[in-house]
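Below is one structure; the comments refer to it alone.
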Amino acid sequence: MPKPSPMMKSSFTQFCVLLLLIISKTSAFQNFTGHKLIGMVPRSPDEVMALRNFMDDPEVDFWLEPTHELQNVTVHVNPEAVQKLEGTLRDMGLQYYTITDDLEKWIEREREENYPGSHLQGRTTGFAFDVYHPLDEIVAYLDDVSRKYPNITKLLNMGDTYEGNIIYLLKISSGGNDTRPAVWIDAGIHSREWIAPATALYMINHLLVNYGNDKYVTNLIDTHDWYIMPLVNPDGYLHTWNWNRLWRKNRALAPGFPGVLICRGTDPNRNFDIFFGGPSTSSTPCSSIYKGDHPFSEAESSAIRDGVMAIRDRLLTYFSLHSFSQLWMTPHGYTTLKAPDFKEHMELLTVAITAVEAANGMHYKYGPSAQTLYATSGSASDWVYDVAGVRYSFSVELRDRGVFGFLLPRTEIIPTSEETWAGITAIVSHLQAKEKAKSTSTTNSSTATTVATTTNTESLNTTVTS
(Lines give C-alpha, C1' and ligand atoms only; values in the text may rest on other atoms or scores of the structure.)
Protein backbone atom coordinates (compact mmCIF):
# COMPACT_ATOMS: atom_id res chain seq x y z
CA MET A 1 0.00 0.00 0.00
CA PRO A 2 1.50 3.40 -0.94
CA LYS A 3 2.28 5.79 1.88
CA PRO A 4 0.02 8.85 2.16
CA SER A 5 1.51 11.95 0.62
CA PRO A 6 2.32 15.03 2.72
CA MET A 7 -0.68 16.76 1.13
CA MET A 8 -2.97 13.91 2.21
CA LYS A 9 -1.58 14.06 5.76
CA SER A 10 -2.12 17.82 5.83
CA SER A 11 -5.70 17.48 4.59
CA PHE A 12 -6.47 14.85 7.22
CA THR A 13 -4.99 17.03 9.96
CA GLN A 14 -7.10 20.00 8.80
CA PHE A 15 -10.19 17.77 8.79
CA CYS A 16 -9.50 16.66 12.38
CA VAL A 17 -9.02 20.25 13.50
CA LEU A 18 -12.26 21.27 11.80
CA LEU A 19 -14.10 18.33 13.38
CA LEU A 20 -12.87 19.27 16.84
CA LEU A 21 -13.86 22.90 16.30
CA ILE A 22 -17.37 21.83 15.30
CA ILE A 23 -17.63 19.64 18.38
CA SER A 24 -16.38 22.42 20.64
CA LYS A 25 -19.04 24.78 19.30
CA THR A 26 -21.86 22.39 20.13
CA SER A 27 -20.92 21.81 23.77
CA ALA A 28 -18.77 23.56 26.36
CA PHE A 29 -17.58 20.21 27.73
CA GLN A 30 -17.38 16.62 26.61
CA ASN A 31 -20.64 15.01 27.64
CA PHE A 32 -20.67 11.78 29.64
CA THR A 33 -24.42 11.22 29.70
CA GLY A 34 -25.11 7.49 29.77
CA HIS A 35 -21.49 6.60 30.51
CA LYS A 36 -21.31 3.80 33.06
CA LEU A 37 -18.92 3.05 35.88
CA ILE A 38 -18.85 -0.71 36.41
CA GLY A 39 -17.22 -2.72 39.19
CA MET A 40 -16.29 -6.39 39.29
CA VAL A 41 -13.96 -8.92 40.96
CA PRO A 42 -12.31 -11.46 38.61
CA ARG A 43 -12.09 -14.90 40.20
CA SER A 44 -9.34 -16.51 38.12
CA PRO A 45 -6.27 -15.64 36.03
CA ASP A 46 -8.30 -16.40 32.89
CA GLU A 47 -10.88 -13.77 33.85
CA VAL A 48 -8.10 -11.29 34.55
CA MET A 49 -6.61 -11.89 31.10
CA ALA A 50 -10.01 -11.62 29.42
CA LEU A 51 -10.46 -8.19 31.02
CA ARG A 52 -6.95 -7.13 30.08
CA ASN A 53 -7.83 -7.74 26.45
CA PHE A 54 -9.82 -4.51 26.68
CA MET A 55 -6.82 -2.47 27.90
CA ASP A 56 -6.00 -1.02 24.46
CA ASP A 57 -9.62 -0.31 23.59
CA PRO A 58 -10.01 3.51 23.64
CA GLU A 59 -13.72 3.11 24.48
CA VAL A 60 -12.96 1.17 27.68
CA ASP A 61 -11.29 3.21 30.42
CA PHE A 62 -10.01 1.21 33.39
CA TRP A 63 -9.98 3.19 36.64
CA LEU A 64 -8.68 0.16 38.53
CA GLU A 65 -6.82 -2.20 36.21
CA PRO A 66 -7.35 -5.99 36.19
CA THR A 67 -4.15 -7.45 37.64
CA HIS A 68 -4.90 -10.33 40.01
CA GLU A 69 -7.84 -12.54 40.81
CA LEU A 70 -10.03 -11.47 43.75
CA GLN A 71 -9.02 -7.81 43.38
CA ASN A 72 -11.47 -5.04 42.55
CA VAL A 73 -11.65 -3.78 38.98
CA THR A 74 -13.39 -0.54 38.06
CA VAL A 75 -14.05 0.44 34.48
CA HIS A 76 -15.64 3.46 32.80
CA VAL A 77 -17.33 2.62 29.52
CA ASN A 78 -19.30 4.73 27.04
CA PRO A 79 -22.83 3.82 25.85
CA GLU A 80 -21.58 2.51 22.49
CA ALA A 81 -19.17 0.01 24.08
CA VAL A 82 -21.14 -0.99 27.17
CA GLN A 83 -23.11 -3.76 25.42
CA LYS A 84 -19.93 -5.37 24.12
CA LEU A 85 -18.24 -5.27 27.53
CA GLU A 86 -21.28 -6.46 29.46
CA GLY A 87 -21.85 -9.21 26.90
CA THR A 88 -18.31 -10.44 27.41
CA LEU A 89 -18.76 -10.37 31.17
CA ARG A 90 -21.99 -12.37 30.93
CA ASP A 91 -20.37 -14.92 28.60
CA MET A 92 -17.58 -15.34 31.15
CA GLY A 93 -20.08 -15.70 33.98
CA LEU A 94 -18.31 -12.82 35.71
CA GLN A 95 -20.63 -10.93 38.02
CA TYR A 96 -20.47 -7.14 37.81
CA TYR A 97 -22.33 -4.23 39.30
CA THR A 98 -23.12 -0.71 38.18
CA ILE A 99 -21.64 2.05 40.35
CA THR A 100 -23.36 4.73 38.29
CA ASP A 101 -25.13 4.61 34.96
CA ASP A 102 -24.62 8.33 34.26
CA LEU A 103 -21.19 9.80 34.97
CA GLU A 104 -22.35 13.14 33.61
CA LYS A 105 -24.40 13.75 36.75
CA TRP A 106 -21.30 13.28 38.91
CA ILE A 107 -19.25 15.60 36.72
CA GLU A 108 -21.93 18.29 36.69
CA ARG A 109 -22.15 18.13 40.48
CA GLU A 110 -18.40 18.55 40.74
CA ARG A 111 -18.43 21.44 38.26
CA GLU A 112 -21.10 23.26 40.26
CA GLU A 113 -19.20 22.77 43.53
CA ASN A 114 -15.88 23.98 42.13
CA TYR A 115 -16.79 26.57 39.52
CA PRO A 116 -13.91 29.04 39.08
CA GLY A 117 -14.56 32.54 40.33
CA SER A 118 -14.72 34.72 43.41
CA HIS A 119 -18.42 34.15 44.04
CA LEU A 120 -17.85 30.66 45.42
CA GLN A 121 -17.73 30.35 49.19
CA GLY A 122 -14.13 30.12 50.34
CA ARG A 123 -12.61 31.97 47.37
CA THR A 124 -13.57 35.48 48.46
CA THR A 125 -10.95 35.64 51.22
CA GLY A 126 -8.08 34.33 49.13
CA PHE A 127 -7.00 30.98 47.80
CA ALA A 128 -9.14 28.27 49.41
CA PHE A 129 -7.87 24.76 50.05
CA ASP A 130 -11.22 23.00 50.26
CA VAL A 131 -12.04 23.42 46.58
CA TYR A 132 -10.42 22.30 43.33
CA HIS A 133 -8.75 25.08 41.36
CA PRO A 134 -8.21 25.48 37.61
CA LEU A 135 -4.71 25.93 36.19
CA ASP A 136 -4.66 29.73 36.09
CA GLU A 137 -5.61 29.99 39.77
CA ILE A 138 -2.90 27.49 40.76
CA VAL A 139 -0.25 29.39 38.79
CA ALA A 140 -1.40 32.68 40.33
CA TYR A 141 -1.19 31.14 43.81
CA LEU A 142 2.36 29.87 43.27
CA ASP A 143 3.43 33.27 42.01
CA ASP A 144 1.75 34.94 44.99
CA VAL A 145 3.43 32.80 47.66
CA SER A 146 6.84 33.24 46.04
CA ARG A 147 6.36 37.00 46.39
CA LYS A 148 4.79 36.84 49.85
CA TYR A 149 7.51 34.58 51.32
CA PRO A 150 10.65 35.65 49.41
CA ASN A 151 13.00 34.66 52.23
CA ILE A 152 12.03 30.99 52.26
CA THR A 153 10.64 30.27 48.77
CA LYS A 154 11.97 30.12 45.25
CA LEU A 155 9.71 29.37 42.28
CA LEU A 156 11.58 27.39 39.62
CA ASN A 157 10.66 26.92 35.96
CA MET A 158 11.33 23.28 35.11
CA GLY A 159 10.42 23.55 31.45
CA ASP A 160 7.60 24.20 29.01
CA THR A 161 5.02 21.61 28.04
CA TYR A 162 3.85 20.67 24.57
CA GLU A 163 1.14 23.34 24.76
CA GLY A 164 3.45 25.96 26.24
CA ASN A 165 2.51 25.79 29.91
CA ILE A 166 5.25 26.01 32.53
CA ILE A 167 5.95 23.15 34.92
CA TYR A 168 6.64 24.83 38.26
CA LEU A 169 8.71 23.58 41.18
CA LEU A 170 8.52 25.46 44.49
CA LYS A 171 11.55 25.27 46.76
CA ILE A 172 10.95 26.01 50.45
CA SER A 173 14.14 26.55 52.46
CA SER A 174 15.27 28.74 55.33
CA GLY A 175 18.95 28.54 54.40
CA GLY A 176 21.76 26.03 54.59
CA ASN A 177 23.30 26.78 51.18
CA ASP A 178 21.86 23.61 49.65
CA THR A 179 23.57 21.33 52.15
CA ARG A 180 20.49 20.14 54.03
CA PRO A 181 18.69 16.87 53.25
CA ALA A 182 15.88 17.43 50.75
CA VAL A 183 12.30 16.20 50.52
CA TRP A 184 10.57 16.01 47.12
CA ILE A 185 6.80 15.88 46.58
CA ASP A 186 5.14 15.88 43.15
CA ALA A 187 1.50 15.54 42.14
CA GLY A 188 -0.78 15.62 39.14
CA ILE A 189 1.27 13.60 36.68
CA HIS A 190 -2.10 12.07 35.71
CA SER A 191 -4.39 14.97 34.95
CA ARG A 192 -7.75 13.60 36.10
CA GLU A 193 -6.46 12.89 39.62
CA TRP A 194 -7.50 16.31 40.96
CA ILE A 195 -7.11 15.39 44.62
CA ALA A 196 -3.32 15.04 44.17
CA PRO A 197 -2.54 18.67 43.20
CA ALA A 198 -5.07 19.88 45.79
CA THR A 199 -3.18 17.92 48.46
CA ALA A 200 0.20 19.26 47.34
CA LEU A 201 -1.12 22.84 47.48
CA TYR A 202 -2.40 22.23 50.99
CA MET A 203 1.10 21.10 52.01
CA ILE A 204 2.71 24.21 50.54
CA ASN A 205 0.32 26.41 52.48
CA HIS A 206 0.76 24.40 55.69
CA LEU A 207 4.52 24.80 55.58
CA LEU A 208 4.50 28.50 54.76
CA VAL A 209 1.83 29.81 57.13
CA ASN A 210 3.17 27.79 60.05
CA TYR A 211 6.85 28.56 59.66
CA GLY A 212 7.92 30.61 62.66
CA ASN A 213 4.58 29.96 64.37
CA ASP A 214 4.58 26.21 64.85
CA LYS A 215 7.65 24.61 66.42
CA TYR A 216 7.30 21.30 64.55
CA VAL A 217 6.84 22.87 61.11
CA THR A 218 9.62 25.39 61.77
CA ASN A 219 11.98 22.52 62.57
CA LEU A 220 10.97 20.69 59.37
CA ILE A 221 11.96 23.71 57.27
CA ASP A 222 15.06 24.59 59.30
CA THR A 223 16.43 21.07 58.91
CA HIS A 224 15.28 20.15 55.38
CA ASP A 225 14.82 21.75 51.97
CA TRP A 226 11.37 21.05 50.52
CA TYR A 227 10.81 20.74 46.78
CA ILE A 228 7.14 20.57 45.77
CA MET A 229 5.92 20.22 42.18
CA PRO A 230 2.14 20.52 42.68
CA LEU A 231 1.12 20.04 39.05
CA VAL A 232 3.41 17.93 36.87
CA ASN A 233 0.99 17.76 33.93
CA PRO A 234 -0.56 21.23 33.41
CA ASP A 235 -1.65 20.55 29.80
CA GLY A 236 -3.69 17.51 30.73
CA TYR A 237 -5.07 19.20 33.83
CA LEU A 238 -6.21 22.21 31.79
CA HIS A 239 -7.91 19.82 29.39
CA THR A 240 -9.85 18.21 32.26
CA TRP A 241 -11.26 21.64 33.13
CA ASN A 242 -11.94 22.83 29.59
CA TRP A 243 -13.16 19.70 27.84
CA ASN A 244 -12.67 16.09 29.03
CA ARG A 245 -12.84 15.75 32.82
CA LEU A 246 -11.55 12.17 32.66
CA TRP A 247 -8.45 12.81 30.56
CA ARG A 248 -5.37 11.05 32.01
CA LYS A 249 -2.34 11.74 29.79
CA ASN A 250 -0.54 14.88 28.65
CA ARG A 251 -1.59 16.55 25.38
CA ALA A 252 1.43 15.89 23.17
CA LEU A 253 1.09 14.49 19.68
CA ALA A 254 2.88 11.20 19.09
CA PRO A 255 5.77 11.78 16.62
CA GLY A 256 4.85 8.71 14.58
CA PHE A 257 1.17 9.66 14.40
CA PRO A 258 1.15 13.44 13.76
CA GLY A 259 -2.28 13.48 12.17
CA VAL A 260 -4.12 11.54 14.87
CA LEU A 261 -5.34 14.52 16.91
CA ILE A 262 -8.03 12.56 18.71
CA CYS A 263 -5.58 9.88 19.91
CA ARG A 264 -3.06 12.28 21.37
CA GLY A 265 -1.18 12.28 24.64
CA THR A 266 1.44 10.21 26.45
CA ASP A 267 1.25 8.83 29.97
CA PRO A 268 4.24 10.60 31.59
CA ASN A 269 4.36 7.98 34.35
CA ARG A 270 5.21 5.31 31.78
CA ASN A 271 7.88 7.47 30.15
CA PHE A 272 10.81 7.11 32.56
CA ASP A 273 13.92 5.19 31.60
CA ILE A 274 13.32 2.20 33.84
CA PHE A 275 11.98 -1.01 32.29
CA PHE A 276 10.55 1.17 29.52
CA GLY A 277 7.84 -0.60 27.54
CA GLY A 278 7.33 -3.33 30.14
CA PRO A 279 4.11 -4.39 31.90
CA SER A 280 1.17 -1.97 32.02
CA THR A 281 2.34 0.12 29.09
CA SER A 282 1.16 0.43 25.52
CA SER A 283 2.67 1.37 22.16
CA THR A 284 -0.73 2.52 20.91
CA PRO A 285 -1.21 6.33 21.08
CA CYS A 286 -4.95 5.92 21.71
CA SER A 287 -4.25 3.93 24.87
CA SER A 288 -4.47 5.69 28.23
CA ILE A 289 -1.13 4.07 29.16
CA TYR A 290 0.74 4.98 25.97
CA LYS A 291 4.43 5.02 26.94
CA GLY A 292 5.65 7.53 24.40
CA ASP A 293 8.16 7.27 21.57
CA HIS A 294 11.21 6.87 23.81
CA PRO A 295 12.20 7.41 27.47
CA PHE A 296 11.96 11.04 28.57
CA SER A 297 10.32 12.08 25.32
CA GLU A 298 7.89 14.13 27.42
CA ALA A 299 8.38 17.47 29.16
CA GLU A 300 6.70 16.19 32.33
CA SER A 301 8.97 13.20 32.92
CA SER A 302 11.99 15.30 31.96
CA ALA A 303 11.06 17.96 34.51
CA ILE A 304 11.05 15.41 37.33
CA ARG A 305 14.28 13.84 36.06
CA ASP A 306 16.11 17.17 35.90
CA GLY A 307 14.85 18.34 39.28
CA VAL A 308 15.67 15.11 41.06
CA MET A 309 19.11 14.71 39.47
CA ALA A 310 20.06 18.24 40.52
CA ILE A 311 19.63 17.32 44.21
CA ARG A 312 20.09 13.54 44.15
CA ASP A 313 23.14 13.60 46.45
CA ARG A 314 21.08 15.07 49.30
CA LEU A 315 17.57 13.91 48.38
CA LEU A 316 16.36 12.06 51.46
CA THR A 317 12.86 11.08 50.35
CA TYR A 318 10.74 11.22 47.21
CA PHE A 319 6.92 11.17 47.25
CA SER A 320 4.67 10.98 44.17
CA LEU A 321 0.97 11.63 44.83
CA HIS A 322 -1.76 9.90 42.81
CA SER A 323 -5.33 8.74 43.15
CA PHE A 324 -7.15 6.58 43.87
CA SER A 325 -7.13 3.38 46.06
CA GLN A 326 -5.71 4.51 49.44
CA LEU A 327 -2.28 2.91 49.16
CA TRP A 328 1.26 3.73 50.26
CA MET A 329 3.83 1.98 48.09
CA THR A 330 7.54 1.52 47.56
CA PRO A 331 9.52 0.11 44.61
CA HIS A 332 9.29 -1.88 42.56
CA GLY A 333 6.43 -1.67 40.09
CA TYR A 334 8.03 -3.65 37.27
CA THR A 335 8.85 -6.77 39.32
CA THR A 336 7.52 -8.59 42.36
CA LEU A 337 11.06 -9.28 43.59
CA LYS A 338 11.90 -7.48 46.81
CA ALA A 339 13.91 -4.27 46.57
CA PRO A 340 17.33 -4.21 48.29
CA ASP A 341 15.92 -1.85 50.95
CA PHE A 342 12.69 -3.80 51.39
CA LYS A 343 13.05 -4.23 55.16
CA GLU A 344 13.59 -0.53 55.81
CA HIS A 345 10.87 0.39 53.33
CA MET A 346 8.39 -1.69 55.32
CA GLU A 347 9.55 -0.05 58.54
CA LEU A 348 8.91 3.41 57.10
CA LEU A 349 5.57 2.40 55.59
CA THR A 350 4.44 1.15 58.99
CA VAL A 351 5.42 4.50 60.50
CA ALA A 352 3.52 6.36 57.78
CA ILE A 353 0.36 4.25 57.95
CA THR A 354 0.20 4.59 61.73
CA ALA A 355 0.29 8.39 61.36
CA VAL A 356 -2.15 8.40 58.44
CA GLU A 357 -4.76 6.35 60.25
CA ALA A 358 -4.32 8.37 63.45
CA ALA A 359 -5.19 11.57 61.57
CA ASN A 360 -8.75 10.74 60.51
CA GLY A 361 -9.18 7.01 61.08
CA MET A 362 -8.96 6.22 57.37
CA HIS A 363 -7.44 2.85 56.45
CA TYR A 364 -4.70 2.57 53.82
CA LYS A 365 -2.95 -0.54 52.55
CA TYR A 366 0.79 -0.58 51.96
CA GLY A 367 3.60 -2.56 50.36
CA PRO A 368 5.72 -2.81 47.19
CA SER A 369 3.94 -1.33 44.19
CA ALA A 370 3.68 -4.43 41.96
CA GLN A 371 2.23 -6.50 44.80
CA THR A 372 -0.01 -3.83 46.28
CA LEU A 373 -1.56 -2.21 43.19
CA TYR A 374 -0.47 -3.62 39.83
CA ALA A 375 2.61 -3.96 37.67
CA THR A 376 3.86 -0.69 36.20
CA SER A 377 6.87 0.06 34.04
CA GLY A 378 8.64 3.30 33.29
CA SER A 379 7.34 4.94 36.47
CA ALA A 380 8.80 7.91 38.33
CA SER A 381 9.15 6.23 41.72
CA ASP A 382 11.04 3.24 40.30
CA TRP A 383 13.36 5.48 38.27
CA VAL A 384 14.06 7.70 41.30
CA TYR A 385 14.99 4.61 43.35
CA ASP A 386 16.93 2.58 40.78
CA VAL A 387 18.58 5.24 38.63
CA ALA A 388 18.73 8.43 40.71
CA GLY A 389 19.69 6.33 43.71
CA VAL A 390 17.24 7.82 46.19
CA ARG A 391 16.84 5.18 48.86
CA TYR A 392 13.39 6.21 50.10
CA SER A 393 11.02 6.55 47.15
CA PHE A 394 7.27 6.37 47.67
CA SER A 395 4.15 6.39 45.51
CA VAL A 396 0.93 7.29 47.31
CA GLU A 397 -2.59 6.61 46.03
CA LEU A 398 -4.93 8.99 47.84
CA ARG A 399 -8.66 8.70 48.60
CA ASP A 400 -10.95 7.02 47.92
CA ARG A 401 -11.26 3.27 47.34
CA GLY A 402 -13.64 3.44 44.40
CA VAL A 403 -16.89 5.03 45.56
CA PHE A 404 -16.21 8.25 43.66
CA GLY A 405 -12.79 7.46 42.21
CA PHE A 406 -11.34 10.39 40.29
CA LEU A 407 -14.44 12.49 40.99
CA LEU A 408 -13.74 12.81 44.70
CA PRO A 409 -16.01 15.46 46.29
CA ARG A 410 -14.37 18.65 47.54
CA THR A 411 -15.40 17.76 51.10
CA GLU A 412 -12.69 15.09 50.98
CA ILE A 413 -9.83 17.48 50.14
CA ILE A 414 -8.91 18.64 53.65
CA PRO A 415 -9.07 15.25 55.39
CA THR A 416 -7.13 13.64 52.53
CA SER A 417 -4.49 16.35 52.73
CA GLU A 418 -4.24 16.10 56.51
CA GLU A 419 -3.66 12.37 56.59
CA THR A 420 -1.21 12.43 53.68
CA TRP A 421 0.79 15.21 55.32
CA ALA A 422 0.80 13.23 58.57
CA GLY A 423 2.28 10.22 56.75
CA ILE A 424 4.96 12.20 54.92
CA THR A 425 6.11 14.12 58.00
CA ALA A 426 6.10 10.92 60.07
CA ILE A 427 8.60 9.38 57.64
CA VAL A 428 10.76 12.52 57.53
CA SER A 429 10.77 12.83 61.32
CA HIS A 430 11.51 9.12 61.76
CA LEU A 431 14.51 9.34 59.45
CA GLN A 432 15.66 12.52 61.19
CA ALA A 433 15.46 10.83 64.59
CA LYS A 434 17.41 7.81 63.30
CA GLU A 435 20.12 10.05 61.89
CA LYS A 436 20.32 11.99 65.16
CA ALA A 437 20.59 8.75 67.15
CA LYS A 438 23.28 7.52 64.77
CA SER A 439 25.25 10.78 65.16
CA THR A 440 24.90 10.67 68.93
CA SER A 441 26.09 7.07 68.98
CA THR A 442 29.10 7.95 66.81
CA THR A 443 29.92 10.93 69.02
CA ASN A 444 29.66 8.87 72.18
CA SER A 445 31.82 6.17 70.64
CA SER A 446 34.46 8.72 69.66
CA THR A 447 34.38 10.28 73.14
CA ALA A 448 34.74 6.89 74.78
CA THR A 449 37.70 6.07 72.56
CA THR A 450 39.34 9.40 73.38
CA VAL A 451 38.84 8.91 77.12
CA ALA A 452 40.22 5.38 76.95
CA THR A 453 43.27 6.54 74.99
CA THR A 454 43.92 9.38 77.45
CA THR A 455 43.58 7.03 80.41
CA ASN A 456 45.98 4.53 78.90
CA THR A 457 48.47 7.28 78.12
CA GLU A 458 48.31 8.64 81.69
CA SER A 459 48.75 5.11 83.05
CA LEU A 460 51.76 4.58 80.81
CA ASN A 461 53.30 7.89 81.90
CA THR A 462 52.79 6.99 85.55
CA THR A 463 54.47 3.65 85.03
CA VAL A 464 57.46 5.22 83.31
CA THR A 465 57.84 7.87 86.03
CA SER A 466 57.82 5.39 88.82
For helix 103-113, what angle does its Cα long axis make with the longest principal axis of the chain, in degrees from 0 to 90 and rounded to 10?
60 degrees
Rounded tilt (10° steps) of 135-148 against the dominant C-alpha axis of the chain:
20 degrees
Against the longest alpha carbon principal axis of the chain, how many degrees, from 0 to 90 and to the nearest 10, is the axis of helix 195-210 turned?
30 degrees
Using alpha carbon centers only, segment 280-338 is separated from segment 37-58 by a whole-angstrom value of 24 Å
What nm distance separates the two modelled labels at THR336 and ASP143, each placed 7 Å from Cα along Cα→Cβ?
5.1 nm
How large is the charge dipole for the chain, taken about the Cα centre, if only the Cβ atoms of Lys, Arg (+1) and Asp, Glu (-1) carry charge, to the nearest 20 debye?
440 debye
Quick one: compute a quarter of the convex hull surface over the Cα atoms of segment 207-356 and quote it in nm².
11.4 nm²
Label assignment, semi-axes √(5λ) of the Cα gyration tensor in Å derived from the structure, set (1) 44, 22, 19; (2) 41, 32, 21; (3) 44, 26, 23
(3)
What number comes out for accessible area per residue over segment 131-254 if the probe is 1.4 Å? Units Å², please.
34 Å²
Could you order peptides 382-392, 134-144 by the average number of other Cβ atoms within 10 Å of their residues, highest first?
382-392, 134-144
Once neighbouring chains are kept in place and the probe is 1.4 Å, which whole percent of the accessible area of segment 383-430 is contributed by carbon and sulfur?
55 percent
Place the peptides 103-109, 167-173, 150-156 in order of packing, highest mean first, counting for every residue the other Cβ atoms within 10 Å and averaging per peptide.
167-173, 103-109, 150-156
Simple SL model, points at 7 angstrom along Cα→Cβ for LEU155 and ASP273; separation in nm is 3.1 nm
Mean shadow area of segment 344-435 over all directions, Cα convex hull, nm²:
6.7 nm²
Under 22 Å from the Cα of LYS343, which lysines turn up, not counting those fewer than eight places away in the same chain?
LYS365, LYS434, LYS436, LYS438
Pick out, from THR67, LEU316, THR354, the residue whose Cα sits farthest towards the positive end of the charge dipole of the chain, with +1 on the Cβ of Lys and Arg and -1 on the Cβ of Asp and Glu.
LEU316
A chain fully extended from ARG52 to GLU347 at 0.36 nm per residue, minus the present Cα-Cα distance, gains in nm 102.8 nm
How large is the helix-only mean residue ellipticity at 222 nm for the chain, computed as the sum of -39500 (n - 2.57) over DSSP H runs with n ≥ 4, divided by its residue count, in deg cm²/dmol to the nearest 500?
-14000 deg cm²/dmol
Work out the FRET efficiency for ASP214 and SER297 from their Cβ-Cβ distance, taking R0 = 41 Å, and round it to the nearest 0.05.
0.45
Roughly speaking, to the nearest percent, how much of segment 32-172's 1.4 Å accessible area is carbon and sulfur?
47 percent
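The values are calculated or read from the model by the stated rules, or taken from the named source; none is laboratory data. In this text, all values refer to a predicted model and were calculated from it rather than measured experimentally. Here Cβ is always computed from backbone atoms with ideal geometry, including for glycine, and neighbour counts include all displayed protein chains. Keep in mind that these areas ignore ligands, DNA and RNA; they rest on the heavy atoms of the full protein, side chains included. Shrake-Rupley method; radii C 1.70, N 1.55, O 1.52, S 1.80 Å.
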